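Below is one structure, written out as structure tokens, with a few remarks after it.
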Amino acid sequence: MSYVVLACRYVLVGVLLVSLVGKLRGRTAYAEFVAATATLLGDRDRMAKVLAPLTIMSEVAIVCALVIEPARRLGLVSAVVLMACFAVALGRAVRLGSARSCRCFGASTTPMGIRHVVRNLVLAAAAVVGLALDLAVGPHRYELAGLAVIVPVVAACVVLTVRLDDLIDVLR
């Protein structure tokens, strides 16, 4: 079970890192992220200019907590809260019929949709599972063979999560 906890943590780390890079890769990307945040807030530009950097700082703090072994539980709890907030905000925007793209990972032009809400709920569930198993399992010890198995699994989960819009488009 220790490997499941580790996988949950590092899927979240990978997704959040890609998200951060997408939002911070340039001025235009950041401006588009702030505009998408304003849409999520009901077109409140002033509030978006405050919440966008707070979101980025939260993502950085969660990544740090998830990779630092003694802070892992704080990171998992924080990830649950952040992903739930994202899901609620996206759900509200979808319900109101927003046609703006999410910009969760930067370059996507796909309008916000239920798939984005579900994606964030699945990420929140991964954090809950990781936390529950972490609390249930004793001290973690990892073997190289176990790590060799979970690394490609984590990488695949991160890619599938980040490229969800492309995957759905291909399957249509």
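Just so you know, the Cα atoms of the chain work out to an Rg and Dmax of 16.3, 50 Å.
Counting 0.36 nm for each residue step from ARG27 to ILE114 and taking away their Cα separation leaves a gain of 28.5 nm.
Membrane-span-like helices in the chain, defined here as complete DSSP H runs extending at least 30 Å along the helix axis by their C-alpha atoms with mean Kyte-Doolittle hydropathy no lower than 0.0, are 2-24, 45-67, 72-95, 114-136; this is a sequence and geometry rule, not a statement about a membrane.
Would you kindly calculate the translational diffusion coefficient of segment 86-153, applying Stokes-Einstein with the Kirkwood radius from alpha carbon pairs, for 25 °C and a viscosity of 0.890 mPa s, and quote it in µm² s⁻¹ without decimals? Walk me through the numbers on the way to the answer.
Numbers: Rh = 14.6 Å.
Rounded to a whole number, D works out at 168 µm²/s.
Here the extension length gained between ALA125 and ALA148 equals 5.9 nm, from 0.36 nm per residue of separation less the Cα-Cα distance. Counting only DSSP H runs of at least 4 residues, each contributing -39500 (n - 2.57), and dividing by the residue count of the chain, the helix-based mean residue ellipticity at 222 nm comes to -26500 deg cm²/dmol.
Packing-based ranking of 22-28, 115-121 yields 115-121, 22-28, ordered from highest to lowest mean Cβ neighbour count within 10 Å. For the chain, set up a GNM with springs between Cα atoms under 10 Å and report which of ALA79, ALA126, ALA29 has the largest fluctuation. Fluctuation is largest for ALA29.
To the nearest Å, what is the center-to-center distance of segment 37-66 and segment 82-121, using C-alpha atoms only? If you average the Cα positions of each part, the centres end up 14 Å apart. When the surface is traced with a 1.4 Å probe over the full set of protein chains, TYR30 keeps roughly 70 Å² accessible. Label reach from ARG92 (point 7 Å along Cα→C-beta): in segment 22-64, amide nitrogens under 15 Å belong to 36-52, 55.
The values are calculated or read from the model by the stated rules, or taken from the named source; none is laboratory data. Quick caveat: nothing in here was measured; it's all calculated off a predicted structure. Note: ideal-geometry Cβ built from the backbone for every residue, glycine included; neighbour counts use all protein chains shown. These area figures cover heavy atoms from the full protein model, side chains too; ligands, DNA and RNA do not enter into them. Shrake-Rupley method; radii C 1.70, N 1.55, O 1.52, S 1.80 Å.
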